[in-house]
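The values are calculated or read from the model by the stated rules, or taken from the named source; none is laboratory data. Note that the structure is a prediction, hence the values are computed from the model and not measured. Here the Cβ is made from the backbone with ideal geometry for all residues, glycine too, and neighbour counts use every protein chain on show. Protein only, heavy atoms only, side chains kept; ligands, DNA and RNA dropped before computing areas. Shrake-Rupley method; radii C 1.70, N 1.55, O 1.52, S 1.80 Å.
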Amino acid sequence: MTHEEQMRAAALAKRIKRDRVFLNNPVVMQGLGLAPLIVAAATLKNALMLAVAVALLLTPTRVVAAFLSKFPLFRFRGLTYALTAAAVYAGVLAVMTRLYSAADIGLLGLYLPLLCADPIVLKRYERPQRERIRTALKKGVITTAGYVLAMLLTAAVREFLGTGCLYGHALLGYSPLPIASLPMGGFIVLALLIAAWRGVTNIIKRQMALGVKQQA
């Protein structure tokens, strides 16, 4: 492989790594944030509430933690990220209580507060390199988009199979697969979706790699 081909291959790998929405989705490729998808995201309504919470929590946590990591607190980056997530969650909960009723929020159970300790939010602290605030903002938004996409897709499939409905609106007069509404069914549905998703992305990646070779 020539130097130019190596450069093109490296650029392609970097491009794929940055695509946190589809080609390198954090749920599909890294298995992050699975618990809420398997248990709480059994309907689109629940998934949308979780999506709002993740959108309000993930990026602000990452940005604030990136700012605090400029100081000597960086040596305690694990604690910094965890405490930042807990502090941001207080604001998230205040917003959620204004948007939804207590009964609706109760449907999420403990999986709403557990987002503070979810790997999708805290995994960045494992890296020893400091993160710039602009980078934290950009990657936070992209990661949130990828996670929300996987969550909504999983919830839609589970609700349709489990109840024959979408967002509470009946589409069928029966439930094609009632077990899909249960956590065990969530495992099965999510596993099948991940397998299909990875199959499609592998085809796309091969086509992209072939295109790079042809350009060379």
Positive dipole terminus of the chain, leading residue within Leu107, Thr84, Leu50 (C-beta point charges): Thr84
Fluctuation leader among Val200, Val64, Val141 - the chain, Gaussian network, Cα springs under 10 angstrom: Val200
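Based on the mean of other beta carbon atoms within 10 Å per residue, what is the order of 76-85, 142-151, most packed first?
142-151, 76-85
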Local electrostatic count, Val121, Cβ distance below 13 Å [Lys/Arg +1, Asp/Glu -1]: +2
Intensity falloff of region 140-216 expressed as log10 I(q)/I(0), Debye formula with alpha-carbon point scatterers, at q = 0.14, 0.20, 0.21, 0.22 Å⁻¹: -0.60, -0.90, -0.94, -0.98
Which of Gly185, Val28, Leu171, positive extreme of dipole for the chain (C-beta unit charges): Val28
Net charge, Gly185 excluded, C-beta distance under 13 Å - Lys, Arg +1, Asp, Glu -1: 0
Environment charge at Leu58 (Cβ cut-off 12 Å; Lys +1, Arg +1, Asp -1, Glu -1): +4
Pairwise FRET efficiency - Gln30 versus Arg134, Cβ, R0 = 22 Å, nearest 0.05: 0.45
Rg [Å, one decimal], Dmax [Å, integer] - region 105-161, C-alpha atoms: 14.4, 44
Convex hull volume of region 33-126 per residue (C-alpha atoms, cubic angstrom): 77 Å³
Intensity falloff of region 77-176 expressed as log10 I(q)/I(0), Debye formula with alpha-carbon point scatterers, at q = 0.14, 0.16, 0.22, 0.23 Å⁻¹: -0.73, -0.89, -1.27, -1.31
FRET efficiency estimate (nearest 0.05) - Cβ-Cβ, Leu152 to Gln6, R0 41 angstrom: 0.60
Structure-based [θ]222 nm, the chain - -39500 (n - 2.57) summed over DSSP H runs of at least 4, per residue, nearest 500: -22000 deg cm²/dmol
Non-local Lys pairs in the chain, i.e. 8 or more apart or on different chains, that have alpha carbons under 17 Å apart: 11
Burial order of peptide ranges 188-198, 154-164 (average beta-carbon count within 10 Å, highest first): 154-164, 188-198
Of every Cα-Cα pair in the chain, the percent that sits beyond 30 Å: 33 percent
Accessible surface of Met96 - all protein chains present, 1.4 Å probe, nearest 10 Å²: 0 Å²
